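K.L.:
Before I ask anything, let me first share the structure, which is written out below as structure tokens.
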Amino acid sequence: MSINAVPYEILAQILETAAQLNQRDGVTFTFGLSQAPLPLQKTALQRYVRGPVPTELLRWDATASIRHVCWVWHEWGLKYAMKDVYIRRWKGAERWAELSQRREAYRLYELVEKPSGTAVYKDPYGSLNRTVQLLADYPEVASKIRRMWFDGFYTYGTDLKISSALRSCTNLTAVSLPWTTLRHLAARDWAQLLVGTEAPLKSLELLAVDLPAALAGEPENQLDLRPLESPLVDFSQLRRLKVFGNSTFMPIDDRDLQAIARTAARLEEFHLTCLSTISIDGVMAVVKSSQSTLRVLEHSPRSNDGFFHPHPGSLPDSEHLCTVLTGCPKLETVSLSVPSMCSALFANENVRWSGDMQVRAARLCGHEDGRSTHEAHSSLQQVLEQARSLVAARASCHIPESLFIELFFADYIFEPHVNAVHGDFQLAQLASSGAWPVSRSLSRKGPYGSTGLYGKDEEEPFERVDEDEFMGGMRKNWVSIRA
């Protein structure tokens, strides 16, 4: 009996195992030279292992022999190798090492005692141009692609080429694009990308960076077609939206998110991190639009320089954000920066929150003046007690879940589930003449989050004290929660 006579699911599992073994035994590295060869100079060149071969190329090499067996195996190998495609801009201007285009010959190159090289120019946009041409010439290859990344292309011309490549991929379900495509592509291009293909788009990622002044100053790059204002652009089939990175050049702002929220009513994941051009107003527009389906919410508006958390903005007085969040019935994972918080954020014990939860608040609800008063102290204590009650409720529900809450407020990090407070207490120690804090220990957390101080020598390490001791020091005005 021919092996192709077995059920296709079993055959696919056999071929996948063979491809994984081929990938394990294949070439997983590439070489480079220590310096560029100089004309008329005899300089000893040293070879070094430059880095690993990208995953998509490993998959292509691993299925090379499989694709030559028969048509069925060829189609499977093509689908396996082309399901994820990563297009990156070449960052160097030259290639120095005389390497074979066939990676299986790398082991022979490793035996060369005196490596040589030649300075060869490489088009930085060559990979994008060849990909566009390949997908246009071979639509069957393009139909196998399920996910695409575009990294390093931020000009008007490259955005048009990206759009051309996307039009060829009729079964695309996930894509990572430069944020400039929100400005440079027309409404009909976005409409075709989102719902105009055989498989509607499910995941969209937008990456923003700081453009060099030369690119930002070009008139064609400053074109803004405003595609999100068109009724043709429909995000209703989208399930995951991620916006990452900070930029000052035509940045993504609240207006863009509000335009997306008009049709994005079925999002399950919403990630917005490392940018400072979107406030809580734009975030909540998307949250309220997908309130019944949202499972993951991440809003960490850190900028790339110094991990500084900008002010999250403000909402209308008629809207209480704490109750809006607890009204998301499927929400499980939360990391959020809010203008203010109160005990109502943790009052609903029917929420499905689990895992690590981070809330960064600028103020306490009802204490917008930011003063460290007795009433503010009481409100903070109520927040911590209510958070502890929610952690206990999640641990004792019908299906127990572990919930770990971290509250970032007034330059301190509160962990209510372990009754701990992390912060810099040097001023408090001076104010109390060394009498406070009585018990303290070194903290592994830092002012920028929960992973330390990022090697900044000028920063003093955080210390950890018990929550009860912190409250006592706050009542004696040795520590302050002034926002």
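The values are calculated or read from the model by the stated rules, or taken from the named source; none is laboratory data. Small disclaimer: the values here were computed from a predicted structure and weren't measured. Cβ coordinates were reconstructed from backbone atoms using ideal geometry, including for glycine residues, and neighbour counts include every protein chain displayed. With ligands, DNA and RNA removed, areas are computed over all heavy atoms of the protein, side chains included. Shrake-Rupley method; radii C 1.70, N 1.55, O 1.52, S 1.80 Å.
K.L.:
With Cβ to Cβ distances under 15 Å as the rule, what net charge do the other residues near residue 187 carry (K, R +1; D, E -1)?
P.N.:
-1
K.L.:
Could you pull out every residue, at least 5 positions away or on a different chain, whose amide H is within less than 5 Å of the one on residue 264? Hs are placed 1.01 Å off N in the peptide plane, and Pro or chain starts have none.
P.N.:
Amide H neighbours of residue 264: 235.
K.L.:
To continue, here is another question. Classify segment 146-193 as rounded, prolate or oblate from the Cα gyration tensor: take a ≥ b ≥ c as the square roots of its eigenvalues, call it rounded if a/c is under 1.5, otherwise prolate when a/b beats b/c and oblate if not. Mind dumping the intermediate values first?
P.N.:
Details: a/c = 1.80, a/b = 1.25, b/c = 1.44.
It is oblate, given that a/c is not under 1.5 and a/b is not larger than b/c.
K.L.:
Accessible area, 1.4 Å probe, largest first: how do 175, 391 sort?
P.N.:
In descending accessible area the options line up as 391, 175.
K.L.:
I'd like the Karplus ³J(HN,Hα) series for segment 347-363: coefficients 6.51, -1.76, 1.60, θ = phi - 60°, whole numbers in Hz, and an x wherever there's a Gly or Pro.
P.N.:
7, 8, 7, 8, 5, 10, 5, 7, x, 7, 10, 10, 10, 10, 10, 7, 8
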